[in-house]
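Worksheet: one structure, shown below.
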Amino acid sequence: MTQSKTPGAVPHHIAVVMDGNGRWATRRFLPRVAGHKQGVDSLRRCVKACAARGVKVLTVFAFSSENWNRPVDEVSGLMELLAMALGREVPQLLADGVRLHFVGERRGLSEKVCAGLAQAEATTAHNSRLILNVCFNYGGRWDIAQAAAALAARGEPITEQSLDRATALAHVPDPDLLIRTGGEQRISNFLLWQCAYSELFFSDRLWPDFDEVALDEAMAVFASRERRFGKTSAQLTQDAAGPSTNSSSHSV
Ligand code: FPP
């Protein structure tokens with residue numbers, strides 16, 4: 001958890017809904033898949049920029065549980081793009097200290113794609129500069145349901161803590177900042193459980209146009225927000241001043 005309202009405060013974990021690839025392509029009279037290809041370039045730029053700014057975790061929504069409902073050629077285009085991106089990007093990610101995690105349901109993906117995901121995770125497993133979670137065949141409701149089902153199957157009680165540990169992003173703290181590009185202002189079944197206290201930032205830029213300047217703007221807005229986590233503003237000021245200010249009645 002990153003407290004902000006500190007000039008220059010860097011979010012530990014940024015999550016991104018990379019929306020707008022289709023419109024980017026359509027405006028150029030290109031097939032939608034061309035927009036997704038440009039989206040991969042934008043993702044590469046974003047990963048580098050996050051690492052350079054000290055962000056430790058970046059989680060992106062690459063393919064939702066609902067994206068299966070898109071035209072068949074777009075779905076197969078996205079699958080091919082994933083396979084191609086793995087082959088092309090992993091060596092550089094490895095060199096840049098990025099650890100890859102694929103988050104989502106593997107069932108439904110081809111054996112070839114699953115093998116590629118496992119290989120990319122194993123290859124980058126020793127990196128620690130930046131964790132890149134790529135949510136693929138992921139939905140927030142799926143995540144909560146699979147976590148509850150896993151606990152039930154093991155006969156474990158369902159509590160906030162146990163459910164949290166069973167979710168697909170249990171290996172990282174919750175996102176501090178959620179960015180959605182493309183002008184829409186909704187969560188679209190992304191990290192429903194994990195974004196309970198994330199700061200939300202909506203950008204009108206289409207994902208292929210989301211560059212370092214746009215990222216810096218989002219991070220500056222984040223740094224200006226007061227994150228209260230249910231407390232009052234006065235309590236936060238008191239917490240920041242340290243434990244001594246209100247200790248007389250509790251002294252031993
Ligand atoms: C939403 O834009 C974007 C997606 C459904 C795919 C996101 C994928 C990438 C950025 C490429 C990275 C992917 C892989 C495979 C690693 P949209 O198509 O809904 O755009 P629109 O709202 O303009 O139609």
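Taken together, the values in this text are just the output of simple stated rules run on the coordinates, not laboratory data. All of these numbers come straight from a predicted model, not from anything done at the bench. FYI the Cβ positions are ideal-geometry reconstructions off the backbone, even for glycines, and counts take in every protein chain you see.
Just a few scattered comments:
- Region 8-27, subset surrounded by fewer than 21 Cβ atoms within 10 Å (Cβ to Cβ) and more than 13 Å from the ligand (Cβ to nearest atom), residue farthest from L169 (Cα to Cα): G8
- Considering residues of region 191-215 that are assigned to a helix (DSSP H, G or I) and touching a residue at least 60 places away in the same chain (Cβ under 8 Å) only, the residue nearest to the ligand (Cβ to nearest atom): W207
- Here M84 meets each of (1) farther than 24 Å from D174 by Cβ; (2) crowded, with 16+ Cβ neighbours inside 10 Å; (3) not hydroxyl-bearing (S, T, Y) with one exception, condition (2).
- Check on A51, more than 13 Å from the ligand (Cβ to nearest atom) and either surrounded by 13 or more Cβ atoms within 10 Å (Cβ to Cβ) or more than 19 Å from G20 (Cα to Cα) (or both): yes
- Residue that is surrounded by the fewest Cβ atoms within 10 Å (Cβ to Cβ) [pool: residues in region 148-179 that are touching a residue at least 24 places away in the same chain (Cβ under 8 Å) and out of contact with any strand residue (DSSP E or B) (no Cβ under 9 Å at 6 or more places or on another chain)]: D164
- One residue alone among V47, V17, V40, V55 is of a type in the set (V, I, T), under 21 Å from the mean Cα position of the chain (by Cα) and under 21 Å from K112 (Cα atoms), and that residue is V40.
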